[in-house]
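Heads up: the structure comes next, in structure tokens.
We did not get these values from a lab; they are worked out from the coordinates using the rules stated. Keep in mind that this is a model prediction, so the values were computed, not measured. Cβ atoms come from the backbone with ideal geometry, glycine included; neighbour counts cover every protein chain shown.
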Ligand SMILES: NC(=O)c1ccc[n+]([C@@H]2O[C@H](COP(=O)([O-])OP(=O)(O)OC[C@H]3O[C@@H](n4cnc5c(N)ncnc54)[C@H](OP(=O)(O)O)[C@@H]3O)[C@@H](O)[C@H]2O)c1
């Protein structure tokens with residue numbers, strides 16, 4: 001579906017963006033791939049590797065509606081990956097996070113509609129489900145904006161959906177590079193926030209494939225949630241450094257003990273498919289009248305039970321210490 005098409009990726013220089021673009025160039029022959037982000041150095045470095053003739057690099061800020069409108073001219077598909085995503089930084093600088101994650105989402109929507117973009121997929125996080133920190137709250141607002149945008153697209157027919165997933169193994173600023181650094185520096189113990197803590201766990205490759213699949217599946221208005229494993233944080237520490245003891249340092253402000261992807265209150269809107277859940281929009285659209293139980297690929301979903309929750313602690317699928325160690329070895333190779 002991306003052959004001969006123009007694709008715009010906000011946050012294209014980030015962990016997700018680079019991997020997504022690599023896959024796009026390997027699997028398709030796009031007409032144009034637009035990377036949109038602020039830092040010229042990250043773009044310069046990316047250009048050294050990603051230099052196919054279809055690549056375009058646009059400096060810009062998602063807070064700047066006019067710049068986005070220019071950059072999206074002639075674009076068919078948009079992936080919105082730009083975000084501020086560090087929980088402590090968002091707690092300390094709430095208005096900055098709101099400007100990027102919420103006002104930025106509004107600007108992406110307006111630019112996509114004005115330019116007649118066909119489909120937009122916005123990346124979200126498990127922290128947006130029943131959020132307790134500012135980052136998660138801004139991503140929930142962003143999710144709501146993208147779902148509701150299907151109602152304001154009017155004749156343009158632009159369709160918007162959301163992909164929500166959990167911690168990406170090894171992504172920038174996450175616990176894996178933090179532990180790796182401590183281990184490389186010869187740490188004698190690893191800090192653990194809480195021994196009971198669990199997290200959803202997804203590889204970047206899986207996240208990228210899931211976003212590509214979501215473009216093909218979407219009617220517009222869905223929140224797509226992949227079925228992914230959980231990890232216990234103690235198992236992660238053991239999988240990365242079997243010999244090191246752990247030191248409890250306590251849960252940080254804005255952190256949950258366990259993460260959530262589908263809250264109980266969304267169960268009545270949720271459909272289970274073979275490899276994912278789809279949370280249907282709770283608002284009615286004037287322009288989309290479809291049965292979300294059958295997606296655009298013809299895949300069939302069925303309603304989950306009323307007491308369904310998709311939580312990292314009750315998830316039946318956990319990675320073992322051995323599987324974490326294997327995954328870590330593969331990712332660091
Ligand atoms: N990593 C995870 O564990 C994880 C888990 C679940 C969901 N997600 C979601 O996945 C998405 C991508 O995450 P990632 O891991 O790829 O993040 P990342 O590596 O931190 O990349 C963020 C990207 O956004 C750009 N950016 C930040 N602020 C911007 C702004 N105001 N205007 C334009 N570009 C801006 C950054 O470049 P500049 O700084 O140069 O602008 C960078 O290209 C985010 O929406 C995040 O919430 C991530």
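Results, tabulated for the structure shown:
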quantity	calculated
Relative contact order for the chain, counting Cα pairs under 8 Å that sit 6 or more residues apart, in percent	15 percent
Separation in nanometres of the label points that stand 7 Å from Cα toward Cβ, at residue 89 and residue 290	3.5 nm
Gain on full stretching of the segment that runs from residue 22 to residue 148 - 0.36 nm per residue minus C-alpha separation	42.3 nm
Calculated over region 86-178: convex hull of Cα atoms, volume per residue (Å³)	95 Å³
Measure of compaction for region 138-199 (Cα Rg per 2.2 N^0.38 Å)	1.85
Helix 15-27 vs. the chain, principal-axis angle (Cα, 0 to 90°, nearest 10)	60 degrees
Rounded FRET efficiency, nearest 0.05, which uses the C-beta distance separating residue 49 from residue 242 and R0 of 30 Å	0.30
Diffusion constant of region 272-320 at 4 °C, which comes from Stokes-Einstein with the Kirkwood Cα-pair radius and 1.567 mPa s, µm²/s	99 µm²/s
Projected-area average for region 1-139 over all orientations - Cα convex hull basis, square nanometres	8.2 nm²
Angle between the chain longest axis and helix 175-184 axis [Cα atoms, degrees, rounded to 10]	40 degrees
Rule-of-thumb Rg ratio for the chain [Cα; 2.2 N^0.38 Å; N residues]	0.99
Theoretical gain in end-to-end length, residue 314 to residue 114 [0.36 nm per residue, Cα-Cα removed]	67.7 nm
Surface/4 estimate of mean projected area, convex hull on alpha-carbon atoms of region 175-243, nm²	6.0 nm²
The chain: angle of helix 104-114 to the longest principal axis, Cα-based, in degrees nearest 10	30 degrees
Computed over region 213-297: relative contact order in percent, which uses C-alpha pairs under 8 Å that are six or more apart	50 percent
CD proxy at 222 nm, helix term only [per DSSP H run n ≥ 4: -39500 (n - 2.57); per residue of the chain; nearest 500]	-10500 deg cm²/dmol
Percent of C-alpha pairs per 10 Å bin, region 24-87, short to long	18, 52, 28, 3
Quarter of the Cα convex hull surface for region 195-333, i.e. its orientation-mean projected area (nm²)	10.4 nm²
DSSP bridge orientation in the chain - percent antiparallel, rounded to nearest 5	30 percent
Alpha-carbon centroids, region 176-228 and region 89-140: separation in whole Å	19 Å
